[in-house]
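Chemist: Have a look at the structure that comes next, please.
The values are calculated or read from the model by the stated rules, or taken from the named source; none is laboratory data. This structure is a prediction, so every number in the text was calculated from the model and none was measured. Every residue, glycine among them, receives a Cβ derived from its backbone with ideal geometry; neighbour counts consider all protein chains shown.
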Amino acid sequence: MMVSKIMLDNRLVEDCSPAKTLEHANNAICKVNIVEMFVTVWLGVLELSTGKITAANAGHERPVIIHPDREAEMIRDKHGFVVGGMEGMKYQDYELQLEPGAKLFLYTDGVPEATAADKEMFTTDRMMKAADKLRAATPKETLVGIRNAVDDFVGDAEQFDDLTMLCVEYKGSST
């Protein structure tokens with residue numbers, strides 16, 4: 001994962017296209033991937049002056065926009081293949097638009113797949129309901145609130161996967 005992160009960081013500076021960056025990193029990793037490991041990646045570039053995000057998805061969970069004045073929205077983006085899985089894969093850029101006060105929420109599969117003792121999963125539906133309750137929250141409060149919702153659901157059951165989350169609020173362009 002760290003090698004992938006470094007490759008993505010270095011290439012994105014040169015390319016500025018998330019899809020092209022994923023393609024380059026994927027091909028480079030595949031050439032030396034003797035242990036056949038892969039990584040899922042959601043890669044987005046936020047234009048601070050407009051709130052426009054250009055993004056590409058390599059097998060990662062779908063991003064969520066938490067709007068300040070309406071229901072949270074799961075973006076049904078097209079998933080590309082995981083990075084490191086097969087050489088020559090193509091990825092597609094797409095655009096999202098954040099309005100001032102909107103938050104972009106990203107997470108690993110450990111969030112919806114968090115499992116209670118009775119083997120029931122937390123699910124993306126529960127995650128989205130938790131996100132809706134946090135519309136007015138800061139990004140940090142959003143992360144804490146969703147983590148608390150997961151913890152309350154799971155109870156004392158042992159965690160089997162990581163719970164990694166990122167939340168960024170677009171404040172709008174400064175004049």
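Chemist: Would you pick out the residues in segment 144-175 that are surrounded by fewer than 18 Cβ atoms within 10 Å (Cβ to Cβ) and of a type in the set (A, V, I, L, M)?
Modeler: 144, 157, 166, 168
Chemist: Restricting the first residue to segment 154-174 and requiring it to be over 19 Å from residue 104 (Cβ atoms), which pairs with a second residue that is assigned to a loop (DSSP other than H, G, I, E, B) and among the β-branched types (Val, Ile, Thr) meet a Cβ separation below 8 Å and a spacing of at least six or different chains?
Modeler: 161/108; 162/108
Chemist: Tell me, please, whether a residue that is part of a loop (DSSP other than H, G, I, E, B), among the aromatic types (Phe, Trp, Tyr) and either within 19 Å of the chain's Cα centre (by Cα) or surrounded by 15 or more Cβ atoms within 10 Å (Cβ to Cβ) (or both) can be found in segment 95-118.
Modeler: Checking segment 95-118: not a single residue is part of a loop (DSSP other than H, G, I, E, B), among the aromatic types (Phe, Trp, Tyr) and either within 19 Å of the chain's Cα centre (by Cα) or surrounded by 15 or more Cβ atoms within 10 Å (Cβ to Cβ) (or both).
Chemist: Residues that are more than 22 Å from residue 126 (Cβ to Cβ) and modelled with pLDDT under 95: find the strands (runs of 3 or more DSSP E) completely inside segment 35-81 holding 1 or more of those.
Modeler: 41-47
Chemist: Among the residues of segment 130-155, how many are closer than 18 Å to residue 65 by Cα and acidic (Asp, Glu)?
Modeler: The number of residues fulfilling the criteria is 2.
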